[in-house]
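Notes for the one structure printed next.
The values are calculated or read from the model by the stated rules, or taken from the named source; none is laboratory data. Predicted, not measured: the structure shown is a model, and the values here were computed from it. Note: ideal-geometry Cβ built from the backbone for every residue, glycine included; neighbour counts use all protein chains shown. Surface accessibility is based on the protein's heavy atoms, side chains included, excluding ligands, DNA and RNA. Shrake-Rupley method; radii C 1.70, N 1.55, O 1.52, S 1.80 Å.
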Amino acid sequence: MILEPLIMDKLIAKVPIIQGGMGIGISLANLAGTVAKEGGIGILSTAQIGYQEELFEKSPMRANMEAIKIQFDRAKKIAEGGIIGFNIMAATLHYDRYVKRCVEVGADVIISGAGLPINLPELVVGSQTKIAPIVSSDKAAKVLLGLWKKRYNKTADFVVVEGPKAGGHLGFKAETIEEDIEGMDDELKKIIATVNSFADEFGKQIPVIFAGGVFDRSDIDHYIALGCSGVQMATRFVATEECDAPESFKQAYINAKEEDITLIKSPVGMPGRAIKNLFTERIKNKQIPIEKCRNCLSFKHCDRKTIPYCISETLLNAVTNNPENALVFAGTNAFKIQKQTTVHEIFKELTLNS
Ligand SMILES: Cc1cc2nc3c(=O)[nH]c(=O)nc-3n(C[C@H](O)[C@H](O)[C@H](O)COP(=O)(O)O)c2cc1C
């Protein structure tokens, strides 16, 4: 099978591989820029993107707004003309301001999940930025694309379908995850049919991209055979020289065995998938006091008084110097990673045509 380019109107990625956004601080300019240089799409996560900026302790919001431009410009330089976009969680506090800032700096694409990005179309009006929701079920695809059509007479430029094997927050219930894994191919087929019906109505192509547990070329070929135009991969890119995560984070991936990859309860109200460590054990039966609220999530998605721990604090610990008090998000296939490699090597392997 030959991998065809990913076409989103006039925006074309030579290789139909999107590197999934990874917050906090895992997919910044270096990783995203290098993926884009290889012909894929590099995605910066806006989740506390400014954590390295001096301003961050005083004003996380201002630091994040500044860092959106700094990281985007840096990534674009590395990308040498390649495509760079942002992942902005719909649950982010001041979601609208983040989207507008990413559009202002020139984002090629914006991908939004962790909640339904209901007003995303109106926030990108007048720009060239392509938009994609992340959905995990046919129901969510129908609801969101239906709303976008009704409210704005707009549709998606592409759709990311995130399955239950993904790393990070999941749009599935922990209790039914095994059945959801079993049934995902059928669900994906339904989503493709739904997306195609909107594509017909709007007279345009809407590529569907599958994410979650995509690791090697046979996985990519499988999803393309099901009707996808490409894949989104995150876990596979973590243990690369170019990934912006610290060595301790990459090492946690390299050391992980299959049984170390577990589901955790996230304060966001969704389960998350991460690598077992002291922290994942501690949160099983203990509330961890919040040291400092950085107002990362909307109040609907984070009840500051009752949450078991602070998601920003624990993700920040993963990229600073406190890996055992941290959440190391990872997809089901993290255990397959045995050593550090480069983005170029991964692309060489994945794009080899048989
Ligand atoms: C370390 C890590 C951090 C992530 N952070 C985010 C994020 O900030 N926002 C988001 O929508 N998805 C996030 N994800 C999900 C990825 O973008 C991607 O869709 C998913 O992990 C794909 O599955 P895979 O890791 O098995 O390839 C994260 C995943 C990982 C592994």
From G42, G21, G50, which residue is surrounded by 20 or more Cβ atoms within 10 Å (Cβ to Cβ), outside the structural domain of T314 (by TED's automatic domain parsing), of a type in the set (G, A, S) and part of a strand (DSSP E or B)?
G42
Please state which one of S197, S137 is small (G, A, S) and either within 14 Å of the ligand (Cβ to nearest atom) or under 30 Å from S312 (Cβ atoms) (or both).
S137
Would a scan of the stretch 236-248 turn up a residue that is more than 21 Å from A141 (Cβ to Cβ), loosely packed, with under 15 Cβ neighbours inside 10 Å, more than 18 Å from the chain's Cα centre (by Cα) and modelled with pLDDT under 95?
yes
Only one residue in E66, E80, E122 is over 19 Å from the mean Cα position of the chain (by Cα), at pLDDT 95 or above and more than 27 Å from P246 (Cα to Cα). Which one?
E122
Which one of the conditions (1) open to solvent by less than 30 Å² (accessible area, probe 1.4 Å); (2) not assigned by TED's automatic domain parsing to the domain that holds I26 does V343 fail to meet, given that it meets all the rest?
(2)
Tell me, which residue of the stretch 317-338 that is closer than 24 Å to R294 by Cα and open to solvent by 60 Å² or more (accessible area, probe 1.4 Å) is nearest to the ligand (Cβ to nearest atom)?
T320
Go through the stretch 129-174 and give me each residue that's open to solvent by 10 Å² or more (accessible area, probe 1.4 Å), out of contact with any Ser or Thr (no Cβ under 7 Å at 6 or more places or on another chain) and assigned to a helix (DSSP H, G or I).
K139, A140, V143, G146, L147, K150, R151, Y152, A174
Taking the conditions exactly as written (open to solvent by 50 Å² or more (accessible area, probe 1.4 Å) and within 14 Å of the ligand (Cβ to nearest atom)), does K76 satisfy them or not?
no
Which of the following residues is among the basic types (K, R), touching a Gly at 6+ places or on another chain (Cβ under 8 Å) and free of Cβ contacts under 8 Å to residues at least 60 places away in the same chain: K69, K14?
K14
Residue count, the stretch 61-73 (criterion: open to solvent by 20 Å² or more (accessible area, probe 1.4 Å) and out of contact with any Leu (no Cβ under 6 Å at 6 or more places or on another chain))
6
Which condition number in (1) open to solvent by less than 40 Å² (accessible area, probe 1.4 Å); (2) farther than 26 Å from K139 by Cα; (3) more than 15 Å from the ligand (Cβ to nearest atom); (4) not hydroxyl-bearing (S, T, Y) is the one that N255 fails?
(1)
Which of (1) within 14 Å of the ligand (Cβ to nearest atom); (2) part of a strand (DSSP E or B) is the odd one out, the single condition A90 does not satisfy?
(2)
